[in-house]
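Undergrad: Please see the structure below; I have some questions.
The values are calculated or read from the model by the stated rules, or taken from the named source; none is laboratory data. Computed from a predicted model, the values in this text were never measured in an experiment. Counting neighbours? That spans all protein chains shown, and the Cβs are built from the backbone with ideal geometry, glycine included.
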Ligand SMILES: Nc1ncnc2c1ncn2[C@@H]1O[C@H](COP(=O)(O)OP(=O)(O)OP(=O)(O)O)[C@@H](O)[C@H]1O
């Protein structure tokens, strides 16, 4: 579904992604893991049109989306659930959900909102509450539900567990599993490598702007250098 070939990303004159290639197939959950600063977020931003690709191609279902605007990439079928949730704090939970569907012009928004509230009952309880007053875990659920409101083909999660209590992290993991079971295709970036590799069908290990290892979640979990450097055993 998503094919990235020889992607290079630079900030000013400094290149930080040095020609990576990866793919995400229909229905897969693919994780990008690696240390802080390895280039995972920059890769996601390039996919979403938030930073330019200096070189290389990004294809979605055979269509070249390299360096298109963020808006047209959402329309093409990719939504990102950003690091730090970034809900609209002054807007209510309901208004945030509606914002997730802004690229759609169909009559099914109301039923999708119902579906999201069935999936995340806490959002129904908080429907008229300003999103900024929700707990971290509730905001994460809202950010995920808002991303799903666009009915994406590919759902990107950037550090969904960041800053959340362990119990909530487990809930977020369960939620991502459910989204995969709904048939969505998922690209996941996580500092929590153990969680990411448990959820992922396949994963790529980033180091200093390059992909140094790839394989199934299980293969990477048991790879000695991953186990030692990223899983702490
Ligand atoms: N806007 C920016 N301007 C300049 N350099 C940047 C910018 N954003 C990121 N970088 C640099 O690019 C490199 C890759 O950062 P990136 O955020 O992609 O890594 P990461 O693997 O996602 O790490 P993290 O988990 O900390 O987000 C780092 O050296 C970072 O300092």
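Undergrad: Is it fair to say residue 85 is part of a helix (DSSP H, G or I) and in contact with a helix residue (DSSP H, G or I) (Cβ under 6 Å, 6 or more places away or on another chain)?
TA: Criteria not met by residue 85.
Undergrad: Right, something else. Out of curiosity, is residue 15 touching a residue at least 60 places away in the same chain (Cβ under 8 Å), touching a strand residue (DSSP E or B) at 6+ places or on another chain (Cβ under 9 Å), within 14 Å of the ligand (Cβ to nearest atom) and farther than 23 Å from residue 188 by Cβ?
TA: Details: touching a residue at least 60 places away in the same chain (Cβ under 8 Å): yes; touching a strand residue (DSSP E or B) at 6+ places or on another chain (Cβ under 9 Å): yes; within 14 Å of the ligand (Cβ to nearest atom): yes; farther than 23 Å from residue 188 by Cβ: yes.
Yes, satisfied.
So that you can scan it fast, the table gives a plain yes or no per residue for (1) within 30 Å of residue 6 (Cα to Cα); (2) outside any strand (DSSP E or B):
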site	(1), (2)
23	yes, no
43	yes, yes
96	no, yes
111	no, yes
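Undergrad: When you check residue 67 against the structure, is it within 14 Å of the ligand (Cβ to nearest atom), surrounded by fewer than 19 Cβ atoms within 10 Å (Cβ to Cβ) and more than 15 Å from the chain's Cα centre (by Cα), yes or no?
TA: Spelling it out, it is not the case that residue 67 is within 14 Å of the ligand (Cβ to nearest atom), surrounded by fewer than 19 Cβ atoms within 10 Å (Cβ to Cβ) and more than 15 Å from the chain's Cα centre (by Cα).
Undergrad: How about region 131-213: which helices (runs of 4 or more DSSP H) wholly inside it have at least 3 residues that are away from the ligand (no atom under 13 Å from the Cβ), within 23 Å of residue 93 (Cα to Cα) and touching a helix residue (DSSP H, G or I) at 6+ places or on another chain (Cβ under 8 Å)?
TA: Numbers: elements: 136-148, 166-181, 193-199.
Here the list reads 136-148, 166-181.
Undergrad: Follow-up. Could you check residue 9 against (1) assigned by TED's automatic domain parsing to the domain that holds residue 230; (2) in contact with a helix residue (DSSP H, G or I) (Cβ under 8 Å, 6 or more places away or on another chain); (3) part of a loop (DSSP other than H, G, I, E, B) and say which number it fails?
TA: It fails just one condition, (3).
Undergrad: Residue pairs, Cβ under 6 Å, 6 or more apart or interchain, first in region 175-191 and on the phi > 0 side of the Ramachandran plot, second away from the ligand (no atom under 16 Å from the Cβ). List them.
TA: none
Undergrad: Return the total of residues in region 34-59 being more than 9 Å from the ligand (Cβ to nearest atom) and either closer than 22 Å to residue 196 by Cβ or without any contact (Cβ under 8 Å) to a residue 40 or more places away in the chain (or both).
TA: Residues meeting the conditions: 6.
Undergrad: Hey, among the residues in region 77-92 that are more than 14 Å from residue 187 (Cβ to Cβ) and touching a residue at least 40 places away in the same chain (Cβ under 8 Å), which one's surrounded by the most Cβ atoms within 10 Å (Cβ to Cβ)?
TA: Once the filter is applied, the top-ranked residue is 85.
Undergrad: May I ask you to list pairs of residues, at least six apart or on different chains, whose Cβ atoms are under 9 Å apart, with the first in region 150-162 being at positive phi and the second being assigned to a loop (DSSP other than H, G, I, E, B) and within 16 Å of the ligand (Cβ to nearest atom)?
TA: Final answer for the pair search is 159/82; 159/83; 159/84; 159/190; 159/191; 159/192.
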